[in-house]
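Trainee: Mind looking over this structure? Questions follow.
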Amino acid sequence: MQSTFFGPGNQGQQVGQNYGTISAEFHLPPERAETPPAPFATIPFSRDPDFVDRGDVLDQLRRRCSEPAARVALVGLGGVGKSQLAIEFAHKIAEGQPDTWVFWVHAGTQARVEEGFRIIADAVKLAGRNQPKANIPQLVHSWLSNERNGRWIMIVDSADDRDVFYGPASGDGPTSGDARNGRPFVTYLPQSRNGSIIITTRDKSLAFRLTGRHQNLIEVGPMAQTDALALLEKKLGSLPDTDTAAGLVQALDLVPLAISQAAAYIQRRAPRSSPEKYLAEFRESERNKSRLLQYDDGDIRRDGGASNAILTTWTISFDHIRSRRQSAADLLSLMSFFDRQGIPEWILNPSRITKNAMQGRGLDEAGDRESDDRGSATDSDTNDDADDDIDGGFEDDVAILRDYCLIVADGVREEFEMHGLVQLSMRKWLQVSGQQETFKQQYIERMAASFPTGEYENWATCRSLFAHVQVALDYRPNEDTVETWAALLHKGGWYAWSQGRYSVAQQMLGKAKKVQEKRLGKEDMTTLHSMSVLALVLLGQGRWKKAEKLFVQVMETSKTKLGADH
């Protein structure tokens with residue numbers, strides 16, 4: 001046996017023949033010590049020259065990040081500009097505080113978080129990071145927790161999936177984060193006095209869990225109109241027609257991503273497109289809205305995996321909700337067919353519908369009343385328990401939708417509100433998954449059962465629901481629902497006539513009459529009633545000849561069907 005050299009500082013043994021066991025150990029040379037760099041920023045996006053400062057959001061971030069171990073979350077609907085605010089704030093810190101580290105971690109998936117921690121490890125030149133069994137998250141956590149390493153700010157962007165931080169809700173399988181020991185990634189986010197963490201997320205409940213206090217949440221909504229116009233002007237240049245520009249940003253619900261998307265579309269097609277032409281095309285039909293809002297021209301300041309089309313952006317939230325709680329996704333699906341404002345809880349909540357139906361039952365006959373009394377104790381207890389379960393489930397559904405900023409609840413009037421573009425996006429999502437007709441049918445059936453006739457004593461209820469009947473005018477029901485749809489329009493037209501709203505009454509009654517004549521026949525009493533009210537509408541409009549013709553038709557048909565002496 002002889003010694004063998006493998007270069008400077010390395011040597012071993014060479015064996016000619018061996019008839020036993022040979023054990024060998026190889027010792028890798030230790031990593032060379034690297035000089036720690038001076039603090040710098042690892043922001044993956046350039047500063048946006050079109051950025052519009054929105055109120056005091058940046059000031060709030062600056063104040064809260066000046067506190068020890070600060071955690072703060074920007075919470076809001078996808079596309080409202082949370083990441084853009086974080087990018088601007090990060091550049092301001094890098095520019096104004098050169099002795100502060102600025103780190104950026106994209107938290108869309110577990111792999112992206114691991115990648116972000118690896119970038120931090122490389123940036124600060126952590127010893128041991130290149131070892132095969134290196135626990136990068138733990139190394140980064142330890143470095144960040146050491147106050148001698150200086151001040152730092154970490155932006156955790158797009159933290160929309162709680163499984164990335166806490167592991168699967170079911171508890172099956174390894175948790176996300178460090179796959180070697182099962183620790184969730186949330187445990188690697190330091191709470192040291194020398195650092196601050198800024199989180200951007202669509203999920204309010206996740207934001208609370210990551211920051212620990214509701215006071216640490218900054219809700220980011222759509223822009224104020226002045227800010228929205230400023231953004232549109234930065235994107236397109238001067239806006240000669242301010243009324244059209246205002247109409248455009250309002251049509252886009254003042255959502256920054258939608259405004260930027262529209263501006264990119266207009267610029268790409270100029271001079272054949274303009275704000276005026278875009279707005280006219282947008283308002284023309286739902287199909288046009290969907291097509292325009294699916295336009296994606298890219299944005300270098302959005303993560304490569306993020307779409308620049310607002311409709312596509314919101315489908316991410318819908319998918320998250322469906323995976324977490326199907327009933328919440330179903331509730332949002334139903335709500336997307338109502339008018340965007342004043343959606344009454346009692347129509348949406350199954351237990352409220354049941355209670356209303358129970359309270360509305362006729363108990364005129366003594367036998368019925370006695371029968372109900374005999375079974376009231378047991379039945380009441382059973383019904384109350386069932387209603388409590390339904391109520392609890394409904395409230396859980398509402399909480400999730402509110403957490404994702406998809407609906408706004410008015411606790412005083414027990415109503416909900418949605419952004420119109422969110423409703424449009426939801427309907428498009430349902431269309432792609434083949435469920436649009438299912439939820440449209442649910443909407444029509446619930447409205448037809450809830451909207452009363454147009455008599456005076458029903459006016460208060462009619463008034464609160466009428467906007468939701470109006471949107472039904474634009475829906476095209478299938479054969480199974482068309483008669484129910486016609487009945488809803490008949491009652492809506494009746495109420496509209498009583499309020500002197502002749503134009504919309506004519507539309508509703510005209511469509512109802514057309515369906516009823518085809519499905520029920522011209523001599524059916526329901527058809528004749530729609531014709532009669534429609535004649536009253538024409539009379540109110542001063543269209544005497546048409547009104548007279550329709551009245552005569554109703555009278556002659558009634559004579560034939562009921563007899564002259566009826």
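Trainee: If you take the charge dipole of the range 466-542 about its Cα centre, with +1 on Lys and Arg Cβ and -1 on Asp and Glu Cβ, which of 507, 529, 488 is farthest toward its positive end?
Mentor: 507
Trainee: Could you run the Karplus curve 6.51 cos²θ - 1.76 cosθ + 1.60 with θ = phi - 60° over the range 455-464 and give me ³J(HN,Hα) per residue in whole Hz, x for Gly and Pro?
Mentor: Along the range 455-464, the couplings run 5, 4, 5, 9, 4, 4, 5, 4, 4, 6 Hz.
Trainee: A further question follows. When only DSSP loop residues count, what GluC sites (Glu not before Pro) in the range 514-551 have their Cβ near at most 15 other Cβ atoms within 10 Å?
Mentor: Working: sites: 517, 523, 548; in loops: 523.
In loop regions of the range 514-551 (DSSP not H, G, I, E or B), the sparsely surrounded GluC sites (Glu not before Pro) are 523.
Trainee: Give me the extension gain from residue 214 to residue 34: residue separation times 0.36 nm, minus the current Cα-Cα distance, reported in nm with one decimal.
Mentor: Values: separation 180, 0.36 × 180 = 64.80 nm, distance 4.17 nm.
Difference between extended and current length: 60.6 nm.
Trainee: Placing unit charges on C-beta atoms (Lys and Arg positive, Asp and Glu negative, everything else neutral), compute the dipole magnitude of the range 96-163 about its Cα centre in debye, rounded to 20.
Mentor: Numbers: 8 positive and 9 negative charges, 72 e Å.
Dipole magnitude for the range 96-163 comes out near 340 debye.
Trainee: Quick one: if you stick a label point 7 Å off each Cα along the C-beta vector at residue 142 and residue 449, how many nm between them?
Mentor: 6.3 nm
Trainee: First check a/c for the range 70-156, with a ≥ b ≥ c the square roots of the eigenvalues of its C-alpha gyration tensor; if it is under 1.5, answer rounded, and if not, answer prolate when a/b is larger than b/c or oblate otherwise.
Mentor: Working: a/c = 2.42, a/b = 1.40, b/c = 1.73.
Verdict is oblate for the range 70-156.
Trainee: Evaluate E = 1/(1 + (r/R0)^6) for residue 297 and residue 433, where r is the Cβ-Cβ distance and R0 equals 35 Å; express this FRET efficiency to the nearest 0.05.
Mentor: Numbers: r = 26 Å, r/R0 = 0.75.
The calculated FRET efficiency here is 0.85.
Trainee: From the square roots a ≥ b ≥ c of the eigenvalues of the alpha-carbon gyration tensor of the range 485-566, which class results: rounded (a/c under 1.5), prolate (a/b over b/c), or oblate?
Mentor: Details: a/c = 2.11, a/b = 1.28, b/c = 1.65.
In terms of gyration-tensor shape, oblate.
Trainee: Still on this structure: Going through the cross-link list 82/277; 522/546; 92/204; 491/546; 204/235; 82/289, which pairs have a Cα-Cα distance over 20 Å in this structure? Walk me through the intermediate numbers first.
Mentor: Details: 82/277 30 Å; 522/546 17 Å; 92/204 26 Å; 491/546 22 Å; 204/235 31 Å; 82/289 24 Å.
In this structure, 82/277; 92/204; 491/546; 204/235; 82/289 exceed 20 Å between Cα atoms.
Trainee: Roll a 1.4 angstrom probe over the protein heavy atoms and tell me the percent of accessible area of the range 100-171 that is carbon or sulfur.
Mentor: Working: 1510 of 2950 Å².
Answer for the range 100-171: carbon and sulfur cover 51 percent of the accessible area.
Trainee: Along the three principal axes, how long is the range 31-75 when you take its alpha carbons, biggest first, rounded to the nearest angstrom?
Mentor: Principal-axis extents of the range 31-75 (Cα, largest first): 49, 30, 18 Å.
Trainee: Once both labels are modelled 7 Å past Cα along the beta-carbon direction, what's the residue 417-residue 50 spacing in nm?
Mentor: About 2.8 nm, to one decimal.
Trainee: Would you please state which residues of the range 485-500 a label at residue 457 would reach in this model, taking the label point 7 Å out along Cα→Cβ and a backbone N cut-off of under 18 Å?
Mentor: Residues passing the 18 Å test: 495.
Trainee: Measure off, as a whole percent, the carbon and sulfur share of the 1.4 Å-probe accessible area of the range 218-272, all protein chains present. Walk me through the intermediate numbers first.
Mentor: On the way: 1180 of 2500 Å².
Carbon-and-sulfur percentage of accessible area, whole number: 47.
Trainee: Modelled label-to-label distance, residue 345 and residue 396, 7 Å Cα→beta-carbon offset: nm?
Mentor: Result for the modelled spin labels: 1.8 nm.
Trainee: Write down the accessible area per residue of the range 420-556 in Å², having rolled a 1.4 Å probe over the full set of protein chains.
Mentor: On the way: 6660 Å² over 137 residues.
Counting only protein heavy atoms, the per-residue value for the range 420-556 is 49 Å².
Trainee: Related question: For the range 186-273, what does the alpha-carbon gyration tensor say about shape, rounded, prolate or oblate, given a ≥ b ≥ c as the root eigenvalues, a/c under 1.5 as rounded, and a/b over b/c as prolate?
Mentor: Details: a/c = 3.36, a/b = 2.80, b/c = 1.20.
Judged from the Cα gyration tensor, the range 186-273 comes out prolate (a/c at least 1.5, a/b above b/c).
The values are calculated or read from the model by the stated rules, or taken from the named source; none is laboratory data. The shown structure was predicted, so the numbers you read here are calculated from the model rather than taken from an experiment. Cβ: placed from backbone, ideal geometry, glycine included. Neighbour counts: every protein chain shown. Keep in mind that these areas ignore ligands, DNA and RNA; they rest on the heavy atoms of the full protein, side chains included. Shrake-Rupley method; radii C 1.70, N 1.55, O 1.52, S 1.80 Å.
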